[in-house]
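To keep things clear, I will list the structure first and then write my remarks on it.
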Amino acid sequence: MGQTISKPTNPFQNSNFSLKHSSPSRPFNEQNMAPRPSIFSTLRRPLITKTNDFIPLFNDCISAAASRTQEYLLFKDPEDKLHASPEVLTQVFLMTYISQSVSLNMTDRFNCTAMTPEQRILLGADWVWAMLEKPTKNPRIQIAVQVLHLPDREDAEENSIPQEACSESIQIAKNESSNKTTYERMVDFCTSIGKDCYALFLFLGKKNDKGNIYGVLSNNFEAAIGKCNKIDRPFIENFFRGSRYLHTPPGMMQAIVTKKEGDSLTLMVKFS
Amino acid sequence: MLVLISREAASSARARATSEVERTAPSQGLQHRWLPLRMRKGRERGGDQNFDYMFKLLIIGNSSVGKTSFLFRYADDAFTSAFVSTVGIDFKVKTVYKNDKRIKLQIWDTAGQERYRTITTAYYRGAMGFILMYDITNEESFGAVQDWSTQIKTYSWDNAQVVLAGNKCDMEEERVVSVDNGRLLAEQLGFEFFETSAKDNVNVKQTFERLVDLICDKMSDSLDTDPAVTTGAPTAKLTDSAPPLQQSGCNC
């Protein structure tokens, strides 16, 4: 389901901050004393119900979107003139995902709503995935996604946007949200909905791996606010330092749909 | 720009209202019943500030009654039958003219689903007008009007004006809520009433125009009863380069 990486320590283990990870490590004694499940127990896992049959399709969509985006992430212009902007990279990912999901006819079960420019500022999300209830088509589970780019790419874009390009409604949205960062706004948005709304910070390239796509997903980021931790980029990046396990996209989705209602879930994902 | 402050509703509206007021008048914002502020005219960075008044309006009501379509019809004169459920909240800006005054409407489109209630009600604060919408082909949406009205009373201020809109009046064959029932409920709640169709562009502009009229009337009433505004004493300090209002009423 996922990919193991060799980072043995978890920086959150010794802190007071208690986001619940998907694969918590239990104390040595407890591990020895508790009755061990049979190795065949995994075979008795509840079968994926029909309502979750979108998961393989979701994986197909993500694979297509990630592959396409990677082409541009890894692109090197011999003359160093062409650089895909963060905005373009986000659009490449999202457009490819949407094209694929429409062609696979999965949007009546799992849809994707791209935010308007104003919503991106107000809510902090670039798009929202939603697993829909069958008869009503109301969302049962939502994942609000905010894309993070390599810092040098973001800096380049900021410098290239003339102030005049900032429309009136964008300015109003900024004024409405001026006291919070985009990270905080998205966490606030998800928290206001409840535990069935997840925040996913999607990294199109990381500092030590610029060509791959990673994510940190949680429905419990607000715990950081309670602990007076500031939700910013270093805080989110810190999750990768402590993680021993990276979920795949279908693994992430499976963890979400099988989670008990009201429980917290935090996991790291590799999308490419 | 105009910012209206209601003393009576200060308790419920304080957080957001003061944030708006403090940008122009840090300490005097809650001193008056309805307090018009005029910002200087001219272009400022990041948007067109060249207007006389700004009204914050909200469209509320059950999911799928047509709030977003209604706003699109009004702001962009566009309509699509494809249903896309609004996530959280969104808004559009439209400028209208009334008696030679430029009124900028900040129109907030809210998601009707219950799961977004926390975030949408946060935006009620500071709103001067509401379009409370139901769907004439959906009894449940009509039955929820009373609850939405209570939400306005709970989260908004007393002076906010409300127009009840029975949308989708183009779908006569599927009608389950009569015009009379809609009108009667509006009377009981003290709201103005229109039946509308975003699809056929029926009464869309009229609904907004009536709401703007109601807000202007309310402003005039408040200014009439507030001598501080007409004498210009403390209000003058709150204006920027424009002179204080000398006449009662907002002239809009």
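Using equal-weight Cα scatterers in the Debye expression, the normalised intensity of the range B:81-161 in log10 at q = 0.15, 0.21 Å⁻¹ is -0.65, -1.13. Straight Cα distances below 21 angstrom link B:LYS98 to the lysines B:LYS41, B:LYS56, B:LYS205, B:LYS218, with same-chain residues fewer than 8 positions distant left out.
Within the shell of other residues whose beta carbon sits under 15 angstrom from the beta carbon of A:CYS61, the net charge comes to -1, with Lys and Arg scored +1 and Asp and Glu -1. Under 29 Å of direct C-alpha separation, and excluding same-chain neighbours fewer than eight residues apart, A:LYS230 reaches these lysines: A:LYS7, A:LYS20, A:LYS174, A:LYS180, A:LYS195, A:LYS206, A:LYS207, A:LYS210, A:LYS259, A:LYS260, A:LYS270.
Excluding B:VAL84 itself, calculate the net charge of residues whose Cβ lies under 14 Å from the Cβ of B:VAL84, where each Lys or Arg counts +1 and each Asp or Glu counts -1. Computed value for this residue: -1. For the range B:139-203, the Kirkwood estimate of the hydrodynamic radius, built from every pair of different alpha carbons, is 12.6 Å. Here the mean projected area of the convex hull built on the C-alpha positions of the range A:51-270 is 13.2 nm².
Counting only DSSP beta bridges with both residues in the range A:51-270, the antiparallel share comes to about 70 percent.
Distant-in-sequence amide contacts of B:GLN161, defined by a placed amide H-H separation under 5 Å and a gap of 5 or more residues or a different chain, comprise B:GLY129, B:PHE130.
Other residues with beta-carbon under 14 Å from the beta-carbon of B:LYS67 carry, at +1 per Lys or Arg and -1 per Asp or Glu, a net charge of +1.
Shown for B:MET128, A:MET95: other C-beta atoms within 10 Å of each C-beta, ranked fewest to most, produce the order A:MET95, B:MET128.
Since every read-out is calculated from the coordinates, none of them should be taken as a lab result. Note that this is a predicted model, so its numbers are computed, not measured. For neighbour counting, all protein chains shown are included, and Cβ atoms are generated from backbone atoms with ideal geometry for every residue, glycine included.
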